[in-house]
């Protein structure tokens, strides 16, 4: 492993991102804000920042006196902040705590969201979650709707098995009497949850049932059942990438927190 | 500035990390043009055209943590964690989704929340920033103030600062469109790019959802249009839409919503400035706004008992919403009601057409949620609330819901939200958008009933037998269509085929009605609601236009009902007994379910919620189709 590879690998560690981003923020905003440090430097960059903010608000340049005012206020902020921290005023402040937590979470999330997966990572994800990306079972069947209860449906079934015309025995319902090559989800969408699964379990080639849908009782003749098939990455890449991304984001957030948590000893006393 | 000694190295690593992220995501799957379209619409596609995420200024302030990605994942059927911490998964995924975040201040409250406090000079913004960090109560207060100030044209300058806002908007808009593209899978799930235009002079709701037919390549060339505060005319939105279409060759449409809280401004008889509406103005309105959202969480806008005293079902979703405009800054007076409701607008359209030759209110109907939680929930048993401040809890049903005002609207008056049913030839942006343009759509208050509606003169005796849908398309026009009384072969009254199938996992149907509106020779407007087919016809007989009620199987204690009354399907071929070939008219279908428990009862069951006296516990949920218009001459 070359140094560059090591470095790259190192940069994939959530904790490193966390610390690096934290350091970056510190570098930009911190401005030497160590509470123990008794010197305050207001840099050119900071003065420019203050001036720009002022311009956005008032739509004109601040006068030199106004710039001095901004700087004085900035120093006042800093002095009070440091003294407040010294006195521990940040410790019991719910707003402060929530704010600090949300900043930390934001840092982690921003890092995780930018990650682009490699083909190998996506393939590994697909291999581990094949069932999520398999095609639905495909079914072809005929059905008639029979108004009334199961008992009546059974007597109609007997007639069908004696060779009666299904169309003549069907009660009116606007669902297709003949379904060809429909995915299970599509069938459930039309007939109600679980209908496709119930049909898939039927002996094929003859009228049978009754099977309950969301509407009532149906008699069904299963003609063809093609089980769901596992899909190659190329066919489901978009969905896999979206899911990988989401899981990765959550995973990294958890890992970053865990890494920090690991540095602590936790004791809980429940009343 | 003093840096720790190790800084250059860590900085370098951070930058390396960022550089590695610049590769764009791989897009695969089918494009719109590769989807095989059916010869005619064979199935209805379900969606929500009106969902807000944390990018909406009010949604974020209300506490919503769920962004567009969570919203899309949820709509497609994945499990997400709602803002309040509950796990949420839609039992039946949707087919399409329009995330319609407010263009006004897009991302502004999030920016305010995330801003270093140091930079917030404006005392109001600073106070809001602090309040939002205090938690839910603070957020609620901020949102109420925000909406109120927006209605009064008094937002802090920094929030409406055009340059800062433009930059922020551009970033959010293009990031958003990238996410939408990642989830748009023609043939499986359609993710539209869109936004909400939030015009609200003095709190009168003139909002529209704007939907693009196109992908990121085109929509990234514009920013979502923000009318700002005050009185910008709606025609400015149409100018924006025209400019977009001209510059990109793309297509875009607008869907008005919550006319019920517009204080009469949504469907006016007059044009801008108060003079009679011109033909040119009417034409523009009809061309840009082919659909109206008739029902959603903030009430139902189909009809009102004040306007339709003979319609015993017109009171659905009116309580609380009909007393004032959106922000309750102004009370609603009776003279305003006619401009607030869809049925009246369809009638007014006929009157304006009689005068100018053009019908500005020739629109189709859809329902949607307007949820501000990132969760497109439309059912009574999964109502996640109008916004994240009122996600499921014991208190929400009885809590006052005042946006910036102290007058009374209460939690229970929210509806659980509606959905849009679209008869498209396939599931893709182009197929669904084109179906919307031809108004082949219907609104439901949540349940997914399948409703067909055709008009024509040449339906045979077997109009509901066998492969009748195919035949109906060949011999007539579907919902949203036009019947021409002077066409060749026209004789007598047209026939209407209507078929309603219950939601396969929902309640049985009570009845199917056809609502007719027409204009007489003297220019007077009329309406009548016909019961055309109903359950248990052997025991329920018509008296005038009234039927005995279907009954009621709701068990309050268990928030449940039984399908022992009603019918799974109602279908018939109907002819208007009063048909006058010389009168312009429209016909639309209203389907009513049997009574079912409202979301408040699930709150009682799950959270032991205490309800206020007068809380509505059950309702007959419904569907409204787009009309079919009859014209004596073409």
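The values are calculated or read from the model by the stated rules, or taken from the named source; none is laboratory data. Values in this document were obtained by computation on a predicted structure and should not be read as measured data. Here the Cβ positions follow ideal geometry from the backbone for every residue, glycine too, while neighbour counts run over all protein chains shown.
Within region A:195-202, one or more residues are in contact (Cβ under 8 Å) with a residue 24 or more places away in the chain and buried (at least 19 other Cβ atoms within 10 Å of the Cβ). Can we say residue B:458 is touching a residue at least 12 places away in the same chain (Cβ under 8 Å) and either under 16 Å from residue B:514 (Cβ atoms) or within 14 Å of chain A (Cβ to nearest Cβ) (or both)? Criteria not met by residue B:458. Does residue B:95 qualify as being surrounded by fewer than 18 Cβ atoms within 10 Å (Cβ to Cβ) and either more than 27 Å from residue B:389 (Cα to Cα) or at pLDDT 80 or above (or both)? Answer is no for this residue. Selection of region B:561-575 for residues being more than 12 Å from chain A (Cβ to nearest Cβ) and within 12 Å of residue B:595 (Cβ to Cβ) yields B:561, B:562, B:565. Taking the criterion of being under 28 Å from the mean Cα position of the chain (by Cα) and either over 14 Å from residue B:513 (Cβ atoms) or exposed (fewer than 12 other Cβ atoms within 10 Å of the Cβ) (or both), the residues of region B:526-557 that qualify are B:526, B:554. Annotation for region B:136-146: no member residue is within 11 Å of chain A (Cβ to nearest Cβ), closer than 28 Å to residue B:254 by Cβ and surrounded by fewer than 23 Cβ atoms within 10 Å (Cβ to Cβ).
In the condition set (1) within 11 Å of chain A (Cβ to nearest Cβ); (2) without any contact (Cβ under 8 Å) to a residue 40 or more places away in the chain, residue B:508 is compliant with all but (2). Restricting B:111, B:75 to residues that are more than 20 Å from residue B:369 (Cβ to Cβ) and within 14 Å of chain A (Cβ to nearest Cβ) narrows the list to B:111. Does residue B:253 satisfy being under 30 Å from residue B:414 (Cα atoms), under 22 Å from the mean Cα position of the chain (by Cα) and buried (at least 23 other Cβ atoms within 10 Å of the Cβ)? For residue B:253, the condition - under 30 Å from residue B:414 (Cα atoms), under 22 Å from the mean Cα position of the chain (by Cα) and buried (at least 23 other Cβ atoms within 10 Å of the Cβ) - is not met. Report yes if residue A:189 is surrounded by 15 or more Cβ atoms within 10 Å (Cβ to Cβ) and more than 13 Å from chain B (Cβ to nearest Cβ), otherwise no. Judged against the criteria, residue A:189 is not a match. Checking each residue in region B:351-364 for being out of contact with any helix residue (DSSP H, G or I) (no Cβ under 7 Å at 6 or more places or on another chain) and buried (at least 24 other Cβ atoms within 10 Å of the Cβ) picks out B:363, B:364. None of B:68, B:123 is within 30 Å of residue B:436 (Cα to Cα), within 14 Å of another protein chain (Cβ to nearest Cβ) and either surrounded by fewer than 24 Cβ atoms within 10 Å (Cβ to Cβ) or in contact with a helix residue (DSSP H, G or I) (Cβ under 8 Å, 6 or more places away or on another chain) (or both) except B:68.
Out of region A:141-175, which residues are within 11 Å of chain B (Cβ to nearest Cβ) and surrounded by fewer than 15 Cβ atoms within 10 Å (Cβ to Cβ)? Across region A:141-175, the qualifying residues are A:167, A:172.
Filtering B:97, B:66 for residues that are closer than 21 Å to residue B:223 by Cα, in contact with a strand residue (DSSP E or B) (Cβ under 9 Å, 6 or more places away or on another chain) and not in a helix (DSSP H, G or I) leaves a single hit, B:97.
For every residue, the table says whether it meets (1) assigned to a loop (DSSP other than H, G, I, E, B); (2) more than 9 Å from chain B (Cβ to nearest Cβ); (3) modelled with pLDDT of 80 or more.
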{"site": "A:47", "(1), (2), (3)": "no, yes, yes"}
{"site": "A:71", "(1), (2), (3)": "no, yes, yes"}
{"site": "A:75", "(1), (2), (3)": "no, yes, yes"}
{"site": "A:84", "(1), (2), (3)": "no, yes, yes"}
{"site": "A:95", "(1), (2), (3)": "no, no, no"}
{"site": "A:98", "(1), (2), (3)": "no, no, no"}
{"site": "A:102", "(1), (2), (3)": "no, no, no"}
{"site": "A:110", "(1), (2), (3)": "no, yes, no"}
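Note on region B:78-91: residues that are under 12 Å from residue B:376 (Cα atoms), part of a loop (DSSP other than H, G, I, E, B) and touching a helix residue (DSSP H, G or I) at 6+ places or on another chain (Cβ under 7 Å) total 1.
Determine, yes or no, whether residue B:134 is at pLDDT 75 or above and under 23 Å from residue A:95 (Cα atoms). Criteria not met by residue B:134. Whether any residue in region B:485-498 is buried (at least 21 other Cβ atoms within 10 Å of the Cβ), more than 14 Å from chain A (Cβ to nearest Cβ) and on the phi > 0 side of the Ramachandran plot is what I want to check. Checked against the condition, which is being buried (at least 21 other Cβ atoms within 10 Å of the Cβ), more than 14 Å from chain A (Cβ to nearest Cβ) and on the phi > 0 side of the Ramachandran plot, region B:485-498 yields no hits at all.
Every residue, every condition in (1) under 20 Å from residue A:38 (Cβ atoms); (2) surrounded by fewer than 13 Cβ atoms within 10 Å (Cβ to Cβ), yes or no:
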position	(1), (2)
A:58	no, no
A:63	no, yes
A:70	no, no
A:76	yes, yes
A:83	yes, yes
A:86	yes, yes
A:89	yes, no
A:97	no, no
A:101	no, yes
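Can you say whether residue B:314 is under 17 Å from residue B:263 (Cα atoms) and either in contact with a helix residue (DSSP H, G or I) (Cβ under 9 Å, 6 or more places away or on another chain) or crowded, with 24+ Cβ neighbours inside 10 Å (or both), as far as the supplied structure shows? No, not satisfied. Residue count for region B:155-204 satisfying the condition of being part of a loop (DSSP other than H, G, I, E, B) and touching a residue at least 60 places away in the same chain (Cβ under 8 Å): 8.
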